[in-house]
Amino acid sequence: MKTRLLSATLFLMLIPAGLCAFNARIETIEGVVLEVSDFSMDGRRAFSIDAPGGIGKLDWKDLSSFEIRKVGPDYWVDVQYVSGKKESYNLRQFSVFRGRTDFGWISIPFEKTQKVLLSLPGTEEKKKEDISPKEEGASPRWLDRITLRNGDILMGDLLVETLLIRTVYGTISFKKEDIQKIYFGNPRSGQKEGEKDTLLSKYGDKLTGMISGMVLKLKLRTEEEVSIPRQHIQEIEFRIPEIESIITTPASPRPMAREPLPSSAPPKP
């Protein structure tokens, strides 16, 4: 019994003091806003910063929000404490951010993160006036992804309600929301017949034939509309979670800690 109590005590002593769960509202440099739980920086919930006399530690439990900005080769973090005080610090180490969403666990590259609002589970949500207009106007959660033959990728809303595919069985109509993916065959060259297109429905149907229409229109996240000739399109994926355009699986490389630097006033944004 004493052995088990001692083991439990040692386990609790080994848990880092700053290890507590956070919910976070993350705004990326692309304007995408994500709500995540169990938010951390690759498992850590504190920043290593330049402090007078050497390396300092900034525990997230003392913060209500932080913003990241790059100044030359260095990254700075502008923090707001729960007390309302604001400060700026030069970061010494950083890594990929991680969190859990409705789509599962995600990794967000540090360099794509702009602003984070922190809160502990169970606390009241931020008031509307604390949310920036950019956050209120967040992009749709679902997007269509068009991959062009030159490798370019466009994300947006394909401006069609139905698509027709001409097959040997006749012309079949599919609603956009019932389509999972379309592969476009290579266009004809000279006297050669072009390859057939392939349509995959979300119900498991697979049809080959020719998708009607010579030009497809896409509404980008910037609200701009573009017309894309079908011969330039390689494939279209429908209803892709928007976060897939910014998340990454491997962790971002973590820079080595630098030698202590003399403290100095942070540069102006």
Inset, instruction - Please work out the FRET efficiency for the pair THR171 and SER37, using the Cβ-Cβ distance as r and a Förster radius of 45 Å; give the result to the nearest 0.05. - result: 0.40
Inset, instruction - Could you tell me which of the pairs LYS85/LYS112; LYS112/LYS196; LYS112/LYS181; LYS57/LYS112; LYS112/LYS206; LYS70/LYS202 are separated by over 32 angstrom between their Cα atoms in the structure shown? - result: LYS112/LYS196; LYS112/LYS206; LYS70/LYS202
Legend entry - Extreme residue, positive dipole direction of segment 142-242, given options ILE153, THR171, ILE240 (C-beta unit charges): THR171
Inset, instruction - Find how much the distance from TRP105 to LYS206 grows on full extension, using 0.36 nm per residue of separation minus their present alpha carbon separation; answer in nm with one decimal. - result: 33.3 nm
Inset, instruction - Would you please put 214-227, 54-67 in order of how densely packed they are, using the mean number of other Cβ atoms within 10 angstrom per residue and starting with the highest? - result: 54-67, 214-227
Inset, instruction - With a 10 Å radius around each residue's Cβ, average the other Cβ atoms per peptide and rank 83-90, 195-202, highest first. - result: 195-202, 83-90
Legend entry - Of LEU216, ASN186, SER227, farthest towards positive along the dipole that unit charges on Lys, Arg, Asp, Glu beta carbons give segment 142-242: ASN186
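FYI, it's all coordinate maths here, none of it is from the lab. Just so it is clear, the model here is predicted, and its values are computed rather than measured. Here the Cβ is made from the backbone with ideal geometry for all residues, glycine too, and neighbour counts use every protein chain on show.
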